[in-house]
Amino acid sequence: MFKGNKKYFYTFLGLFILIVVFQYFLPQPINWRRSYMRNDKAPFGCTAIYNLLNGVYSENVSVNNETFYNLKEKLDSTSSVLLINGSFNFNKSDINSLFQILDNGANVFIAGNEFNGALADTFHLKTQYDFFNYGFNVDSLMDKPGEKIRLTAKDHSKELYEYSQIASVASFASFDTSRFRILAITQKQNACLILGKVGKGKLYLMTAPDAFGSYFIVNHKNKELTYTLLSLLKNKHFIWDEYYKTFNEKNVSFLKFIFESDALYAAYLLLIFTMIVYMITEGRRRQRPIPVTEPFTNSTLEFVNVISHVYFNSSNHQSIAMERIKYFYETVRKKFNVDTAQINDIFINEICELSGIEHKLVNQLFTYCEKIKTSTEISEYDLIELNRQITNFNKNSLR
């Protein structure tokens, strides 16, 4: 490829080596990924807490890389299982095996911000966040006061554990109160740690997995909370789960090896860019001209534009508003999986919770829509205000 152009080859090779060396000696940025893996030394990895388990909270610590189905026959009343992840979405087979593990007398502690699938359906679990940190950088979140956790036990009731907003702490909006009792609450008196007895075993559910991250263990005052939680699981045999992690997939492909290194990734991009430039500059001399064909125009957009101007200029605002509301309600049904046939308080509360928009604005929007639907005639200002409120809702919605 570089025959007769050795100077380009040596220039490219020199740039390649220079970029690799430069990137290698650059300080590595902090990885804030929430992996909760035992070998991850990042702030939200769990290397620190995993190294404390053996000999302190258990005589024997093992790592689980299998499903509950393969694990259930190996556990008994001398076993405790700890699962930490951002979210859990167990299937029916997992739940059936989990119940068998608990029936054998084992203790199971599951910490996650969200519980979905069969686990949520079985125990009527629903979580919520009191702090939304979207759009803020990490440094600012470290200094912002966030959620506070307090244990309900009498000997711990006076101790308050305050986390900054960098911690992702949720709480239970609902759970099966006939099966679970509350062990810890947030500053808004919402449960964040619950305990249920299933068979001979105990099931702990917690909505603050970041409490087990190394950031809140190493030289942090709230590590006492994590130690207290682990003392609940102190047992002869301790199982640390790695299977139900979001980042448990191991891919040792060539491209993954390159992409995980900033130096190799930068050199890889330089290689691709150089090859493209070389093919363009060298191929131009041999390639015959290719005629330029004009792309097809999208007449559909022009048609829609014309029709909309006809509606607007004819002052037919009521028809435009009805079409706008009809399309908006259809979008709401698809995004939030709700029924828009009846607009009531239950519907408004559900939309608020799913969209993350405050109750006042949501109630104002749907009240305005229903008012226009019953009106026989509306003004241009009413049409513009309707479009403004719908646009703001779609822009600020979490979904």
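A short reminder: the numbers here are calculations on the coordinates, not readings from a lab. These numbers come from a predicted model, not from an experiment. As a convention, Cβ positions derive from the backbone with ideal geometry for all residues, glycine included, and neighbour counts pool all protein chains shown.
Overview of values
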quantity	calculated
Where the Cα pairs of region 47-241 fall when distances are cut into 10 Å bins, in %	9, 36, 38, 16, 2
Residue order, fewest to most surrounding Cβ atoms within 10 angstrom, among Ile19, Ile258	Ile258, Ile19
Residue order, fewest to most beta carbons within 10 Å, for Ser79, Ser375	Ser375, Ser79
23 Å Cα-Cα threshold exceeded, pairs from Lys154/Lys223; Lys41/Lys74; Lys74/Lys200; Lys72/Lys154; Lys188/Lys360	Lys41/Lys74; Lys72/Lys154
Likely footprinting exposure, Ser379, Ser87, fewest C-beta neighbours within 10 Å first	Ser379, Ser87
Computed magnitude of the charge dipole of region 47-241 (debye, nearest 20; Cβ of K, R +1, Cβ of D, E -1)	560 debye
Axial C-alpha extent at least 18 Å, average Kyte-Doolittle at least 1.0 - helices from the chain (DSSP)	6-25, 262-283
Whole-number D in µm²/s for region 39-142 (Stokes-Einstein; Kirkwood sum over Cα pairs; 10 °C, 1.306 mPa s)	99 µm²/s
Positive-end residue, the chain charge dipole about Cα centroid, Cβ charges, pick of Phe273, Ile378, Tyr227	Phe273
Charge dipole magnitude, Cβ of K and R +1, D and E -1 - region 1-120, Cα centre, debye nearest 20	1020 debye
Computed magnitude of the charge dipole of the chain (debye, nearest 20; Cβ of K, R +1, Cβ of D, E -1)	1140 debye
The chain: most fluctuating residue of Gln128, Gln342, Gln187 per GNM, C-alpha cutoff 10 Å	Gln342
Structure-based [θ]222 nm, the chain - -39500 (n - 2.57) summed over DSSP H runs of at least 4, per residue, nearest 500	-13500 deg cm²/dmol
DSSP bridge orientation in the chain - percent antiparallel, rounded to nearest 5	45 percent
Rounded FRET efficiency, nearest 0.05, which uses the C-beta distance separating Tyr24 from Lys234 and R0 of 45 Å	0.55
For the chain, Kirkwood radius (reciprocal of mean inverse C-alpha pair distance, Å)	26.3 Å
Residue (of Gln187, Met142, Pro27) at the positive-pole extreme of the chain, dipole from beta-carbon charges	Pro27
DSSP-defined beta bridges in region 47-241 - what % are antiparallel, rounded to 5	45 percent
